[in-house]
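Data first, discussion second: the structure below is written as structure tokens.
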Amino acid sequence: MNDKEESTRSRKIVWTGLTLVFIAALVFLLGFTHLLSDTVAPWIGLLPKDPHKAALVIMQQAPVIDGHIDLPILIREAYANNVTAVDLEALMPRHVDIPRLRKGHVGGFFWSAYVGCAKREEEGDDFTDATWIVRDTLEQIDVARELIAKYPDTFQLATTSDEVQSAIYGGKIASLIGIEGAHQLGNSIGVLRQYYALGVRYVTLTHICHNAFADSCGYLPGIIPLHHGLSAFGRRLINEMNRLGVLVDLSHTSDETASQAIRLSKAPVIWSHSSARAVHDVPRNVPDNVLELIGKGEGQNDAVVMVNFAPQFVADEGKANIQAVADHVEHIAKVAGKDHVGIGSDYDGISSTPDGLEDVSTYPALIAELISRGWNKYDIAGLTGSNLLRVMKGAEKVAKDLQAAGTLPVYDLYHKRPDLPYREL
Ligand SMILES: [Zn+2]
């Protein structure tokens, strides 16, 4: 055998050996992936078997975008709005601070600029006397924006779906702003436009009180309807929200308001923090006949229902835990589809929390529970954020189209408003 034949032969042996090793590896990967350790699995694109480890791997790519966090009202109540006195790097009271947001794989959230309903005697039957509500709402927006600005390495104000995504890609927590109740508009659609200019991207149509625009579901059963859903003025508000690109949020609304609004809105809608009534029967949760209005069919609209963690909306007293919250997620997914469910914890706005979901660091525990129930990484990514982003993109497109078509701003006045008379000049 000459040198050339010798080297051809050894090359053959090497290649046959390598091929055998390759085939053996392939067979192993296809048939015995369950034998791989959780340390190796992510390197070849597999999820760890341990659902908690799997949750963390998925959430690196698909962090949580929470529909409703009440940090600004905590700052109002505990710090009199003084943002300079707040240290979000340290352990904060209640449920939210930067270290726990990072531990919980949070990629973004709506900062709720919440102001409570006025007492009936303060605002009168026509909702016209509570003159402090717009002021306090502006203060809540100020708290949110100033806290976002105070921690530029952590937070980034986001006003579009693209801005949410670029904040997340940059390692920041995308910070959106929502208003929790149209009573905060002071009966004025002009105020809506100015809130929009300050970055507000959803308005919940009601809080626990009826207002000039729509009926609330109240807090306890038995609230007496005022408009039987939306008022005529409320319909005009939705027209303007669609034109601007402000999401219509149906949490807290009555069933009549929700079913009328989801049909009327040209843009997809949200429930920023609501769970499923079939799982726990309280007025604040969404009933199946409303969930059935979500979808692409005739008479349906796109939406995302972001599940609330408030124990009193999750389960009977003492029974709210991770499994019960997962039951709400799965029920909404079963009735409306997995593309229509999200997370809207209400952290900092609730006085107690479900067992195992004590604060913003615990979202991975909920994700692990759903993985153990068979949710795959795409389902999870929808739940944690991409369902909300799709809905935001839908609303942005509707606004763009309406503006391109020359739709004029709404200047309707609340008919019970005592000021702004037309005068002969
Ligand atoms: Zn709420």
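The values are calculated or read from the model by the stated rules, or taken from the named source; none is laboratory data. Bear in mind that the values here come from a model prediction, so they are computed numbers and not experimental data. Heads up, the Cβs are rebuilt from the backbone with ideal geometry, glycines too, and the neighbour counts pull from every protein chain shown.
Condition (residue is modelled with pLDDT under 95 and among the polar types (S, T, N, Q)) applied to region 64-87: is it met by at least one residue?
Taking every residue of region 64-87 in turn, none turns out to be modelled with pLDDT under 95 and among the polar types (S, T, N, Q).
Which of the residues that make up region 326-357 are within 16 Å of the ligand (Cβ to nearest atom) and over 25 Å from Ile75 (Cα atoms)?
Once the filter is applied, which keeps residues that are within 16 Å of the ligand (Cβ to nearest atom) and over 25 Å from Ile75 (Cα atoms), region 326-357 yields His328, Gly342.
List the pairs whose first member sits in region 301-314 and is without any contact (Cβ under 8 Å) to a residue 60 or more places away in the chain, whose second member is within 12 Å of the ligand (Cβ to nearest atom) and of a type in the set (Lys, Arg), and whose Cβ atoms are under 6 Å apart, counting only residues at least 6 apart or on separate chains?
Note: pairs meeting the criteria are Phe313/Arg284.
Which one is nearest to the chain's Cα centre (by Cα), of the residues in region 393-422 that are within 18 Å of Gly245 (Cβ to Cβ) and among the acidic types (Asp, Glu)?
Here the residue is Glu396.
Test of understanding: among Lys377, Lys319, Lys334, which residue is in contact with a Leu (Cβ under 7 Å, 6 or more places away or on another chain), surrounded by fewer than 19 Cβ atoms within 10 Å (Cβ to Cβ) and over 28 Å from Ile177 (Cβ atoms)?
Values: Lys319 fails: in contact with a Leu (Cβ under 7 Å, 6 or more places away or on another chain); Lys334 fails: in contact with a Leu (Cβ under 7 Å, 6 or more places away or on another chain).
Just a single option satisfies the conditions, and that option is Lys377.
Pairs needed: first member in region 200-223, under 22 Å from Asp281 (Cβ atoms); second member anywhere, away from the ligand (no atom under 15 Å from the Cβ) and of a type in the set (Ser, Thr, Tyr); C-beta distance under 9 Å; at least 6 residues apart or different chains.
Close Cβ pairs (under 9 Å, with a partner that is away from the ligand (no atom under 15 Å from the Cβ) and of a type in the set (Ser, Thr, Tyr)) amount to Asp215/Ser231.
If a residue has to be in contact (Cβ under 8 Å) with a residue 24 or more places away in the chain, surrounded by fewer than 14 Cβ atoms within 10 Å (Cβ to Cβ) and of a type in the set (Ser, Thr, Tyr) to count, how many in region 384-422 make the cut?
So the count comes out to 1.
Note down all Cβ pairs under 6 Å where the first residue falls in region 250-277 and is without any contact (Cβ under 8 Å) to a residue 24 or more places away in the chain, the second is among the polar types (S, T, N, Q), and they're at least six residues apart or on different chains.
Close Cβ pairs (under 6 Å, with a partner that is among the polar types (S, T, N, Q)) amount to Arg277/Asn285.
Looking only at helices (runs of 4 or more DSSP H) that lie completely in region 84-155, which have at least 2 residues being of a type in the set (Val, Ile, Thr)?
In region 84-155, 132-150 are the helices (runs of 4 or more DSSP H) which contain 2 or more residues that are of a type in the set (Val, Ile, Thr).
Select from region 291-325 the residues that are touching a Gly at 6+ places or on another chain (Cβ under 6 Å) and either acidic (Asp, Glu) or closer than 11 Å to Ile262 by Cα (or both) and list them in ascending order.
Passing the criteria: only Asp302.
Kindly provide the set of residues from region 270-303 that are within 13 Å of the chain's Cα centre (by Cα) and more than 16 Å from the ligand (Cβ to nearest atom), ordered by number.
Within region 270-303, Ala303 is the sole residue that qualifies.
Residue by residue through region 68-102, note down the ones that are away from the ligand (no atom under 16 Å from the Cβ), farther than 23 Å from Met306 by Cβ and charged (D, E, K, R).
Asp87, Glu89
Which residues, taken from region 196-219, are more than 14 Å from the ligand (Cβ to nearest atom) and out of contact with any strand residue (DSSP E or B) (no Cβ under 6 Å at 6 or more places or on another chain)?
Tyr196, Ala197, Leu198, Asn211, Ala212, Phe213, Asp215
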